[in-house]
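Below: one structure, written as structure tokens.
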Amino acid sequence: MRVNEIWRFPVKSVGGEVLRKAEVTELGVDGDRAWSIFDVATGNTLTARRTPELLFASARVVDGELAITLPDGAEVGQGDHAALSAWLGRNVELRAAADHNVDVGGTYECPIGVADDAEWVSWQGPGGAFHDSTRSRVSLVSESTLGDWDRRRFRTNIVTDGSGEDAFVGSSVTIGDVGDRAVRLDVVKQIDRCVMVTRPQPHLGRDLDVLKTINAERATFLAVGGLVTEVGTIAVGDEVRLG
């Protein structure tokens, strides 16, 4: 199994960028989920579960600086809260995890079930970056598992060739050459999916059947998540192997 694609999503729930190579720290792919859009009124970290229009913007990191491209093509920098508030129609702030999420994670919401009007639950994520789960800093999925589904729906960091990533759970996985550069993950979970995978994105319509199929055929899970036990660098073409 080898790395086909590396994805980084600098802003929680905003579209991301494809990389040829990436540093991996204990927090995951460097710069991944390093920022979020904070709803001042509710105190929640916005996600596309509640605010699907987030997926129509995109974010990238250029020379260490964050740049967000809004759906109309306008570019927003790190301090331009007013432009983001005008776009989303509410008072929001762009927050960096390094400033606001060092020890205490963001507060997230998710509907129970497929329908948007289902009962909602909330929880707090881990500190350090705006990840949903304390048990996943890097996510991985194979082309075989994705099939014909667009990988953007699942916002996974690493897409590989081959198949069989579900069998990694409970084991260590090494990515890259043996030595100082290799990254090691403790794969601890399958990633359960929610209504977010059904949301529309640029050139991608709303599709409730995606989640219904995952629930019926994969017991709600698609992709695996792991914690970083050895930091390093990953690149497209790197081997992914147990141990």
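The values are calculated or read from the model by the stated rules, or taken from the named source; none is laboratory data. As the structure is a computational prediction, the values presented were derived from the model and not from experiment. All Cβ positions, glycine included, derive from the backbone under ideal geometry; neighbour counts span all protein chains shown.
Checking each residue in region 34-51 for being within 25 Å of GLY113 (Cβ to Cβ) and within 12 Å of the chain's Cα centre (by Cα) picks out SER36, THR47, ALA48. The listed residues are GLY73, GLY31, and the only one of them that is among the small types (Gly, Ala, Ser), under 30 Å from THR229 (Cα atoms) and not in a strand (DSSP E or B) turns out to be GLY31. Tally the residues that are surrounded by 11 or more Cβ atoms within 10 Å (Cβ to Cβ) and either of a type in the set (Gly, Ala, Ser) or not in a loop (DSSP other than H, G, I, E, B) (or both), restricting the search to region 194-208. The qualifying residues number 7. Within 26 Å of ARG20 (Cβ to Cβ) and either at pLDDT 95 or above or assigned to a loop (DSSP other than H, G, I, E, B) (or both), is that true of ALA41? The answer is no for ALA41.
Touching a residue at least 12 places away in the same chain (Cβ under 8 Å), part of a strand (DSSP E or B), surrounded by fewer than 19 Cβ atoms within 10 Å (Cβ to Cβ) and out of contact with any Phe, Trp or Tyr (no Cβ under 7 Å at 6 or more places or on another chain) - does that describe any residue in region 140-152? No, every residue in region 140-152 fails to be touching a residue at least 12 places away in the same chain (Cβ under 8 Å), part of a strand (DSSP E or B), surrounded by fewer than 19 Cβ atoms within 10 Å (Cβ to Cβ) and out of contact with any Phe, Trp or Tyr (no Cβ under 7 Å at 6 or more places or on another chain). Could you go through region 168-177 and let me know if any residue there is among the β-branched types (Val, Ile, Thr), part of a loop (DSSP other than H, G, I, E, B), out of contact with any Gly (no Cβ under 7 Å at 6 or more places or on another chain) and surrounded by 12 or more Cβ atoms within 10 Å (Cβ to Cβ). Yes: one or more hits.
Taking the conditions exactly as written (closer than 18 Å to THR25 by Cβ, assigned to a strand (DSSP E or B) and either touching a helix residue (DSSP H, G or I) at 6+ places or on another chain (Cβ under 7 Å) or hydroxyl-bearing (Ser, Thr, Tyr) (or both)), does THR134 satisfy them or not?
Answer is no for this residue.
Just a yes or no: is a residue in region 167-176 more than 21 Å from THR25 (Cα to Cα) and either among the charged types (D, E, K, R) or modelled with pLDDT of 95 or more (or both)? Looking through region 167-176, at least one residue is more than 21 Å from THR25 (Cα to Cα) and either among the charged types (D, E, K, R) or modelled with pLDDT of 95 or more (or both). For region 111-160, the set of residues classified as touching a strand residue (DSSP E or B) at 6+ places or on another chain (Cβ under 8 Å) and farther than 25 Å from ASP207 by Cα consists of TRP123, GLN124, GLY125, ALA129, PHE130, ARG135, SER136, ARG137, VAL138, listed by residue number. Inspection of region 224-242 identifies no residue that is more than 15 Å from ILE158 (Cβ to Cβ) and basic (Lys, Arg). The condition of being modelled with pLDDT of 95 or more, among the hydroxyl-bearing types (Ser, Thr, Tyr) and surrounded by fewer than 21 Cβ atoms within 10 Å (Cβ to Cβ) holds for only one of THR156, THR233, THR160, that being THR233. Checking each residue in region 73-94 for being in contact with a helix residue (DSSP H, G or I) (Cβ under 8 Å, 6 or more places away or on another chain) and among the charged types (D, E, K, R) picks out only GLU93.
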